[in-house]
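S.K.: Below: one structure in structure tokens.
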Amino acid sequence: MSGTDDKVLEIIWDFGGEASITTIAKEARITPDYARLICEDLERHDYIDFAHRRMCYLRGKGKLEAAKIKVSGSEKRKVVIPEKPNKFGLGKNKKGRFVLEY
């Protein structure tokens with residue numbers, strides 16, 4: 001994976017596991033067309049999936065990769081990723097962010 005792929009996964013993670021193409025493009029400071037190409041490549045490798053061709057959301061493999069990116073370079077932390085999504089969200093805290101440590 002390239003650095004831009006990592007950045008896109010990290011952006012989606014930071015936005016609670018789902019983000020639009022325009023949000024990803026704005027946060028990564030790239031064009032929306034390039035953001036769509038990156039997201040389509042990540043979809044081919046089962047890191048993300050599309051909802052209505054505009055919203056990207058993380059799949060299990062993408063959650064694990066994004067968690068590795070978030071904790072690399074810092075002290076070791078416990079990463080909590082539920083196997084089954086609960087009925088209130090996908091392992092998110094009250095702010096809508098994925099749980100990284102507790």
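S.K.: Give me a comma-separated list of calculated 3J(HN,Hα) values for the range 51-56, in order, Karplus coefficients 6.51, -1.76, 1.60 applied at θ = phi - 60°, integers in Hz, x for any Gly or Pro.
M.R.: Couplings: 10, 6, 6, 10, 9, 9 Hz.
S.K.: Note down the nm distance, to one decimal, between modelled labels 7 Å out along Cα→Cβ at Arg54 and at Asp6.
M.R.: 3.2
S.K.: Follow-up. Run the quick spin-label model on Lys61 and Asp33: label points 7 Å from Cα toward the beta carbon, then report their separation in nm to one decimal.
M.R.: It works out to 2.8 nm between the two label points.
S.K.: Distances over 21 Å make up what percent of all Cα-Cα pairs in the range 3-70?
M.R.: Looking at the range 3-70, the distances longer than 21 Å represent 8 percent of pairs.
S.K.: Given +1 on the Cβ of Lys and Arg, -1 on the Cβ of Asp and Glu, and no further charges, what dipole in debye does the range 3-70 carry about its Cα centre, rounded to the nearest 20?
M.R.: 100
S.K.: Cβ under 11 Å from Arg36's Cβ, Arg36 left aside: what net charge do those residues give with Lys, Arg +1 and Asp, Glu -1?
M.R.: That sum, taken over residues with Cβ under 11 Å, equals -2.
S.K.: Provide the net charge surrounding Arg54, with neighbours chosen by a C-beta distance below 12 Å and charges set as Lys +1, Arg +1, Asp -1, Glu -1. Before the final figure, lay out the partial values.
M.R.: Numbers: positive: Arg36, Arg53; negative: Glu18.
Spelling it out: positives minus negatives among the neighbours equals +1.
FYI, it's all coordinate maths here, none of it is from the lab. Just so it is clear, the structure is predicted and the values come from calculations on it, not from any experiment. Note: ideal-geometry Cβ built from the backbone for every residue, glycine included; neighbour counts use all protein chains shown.
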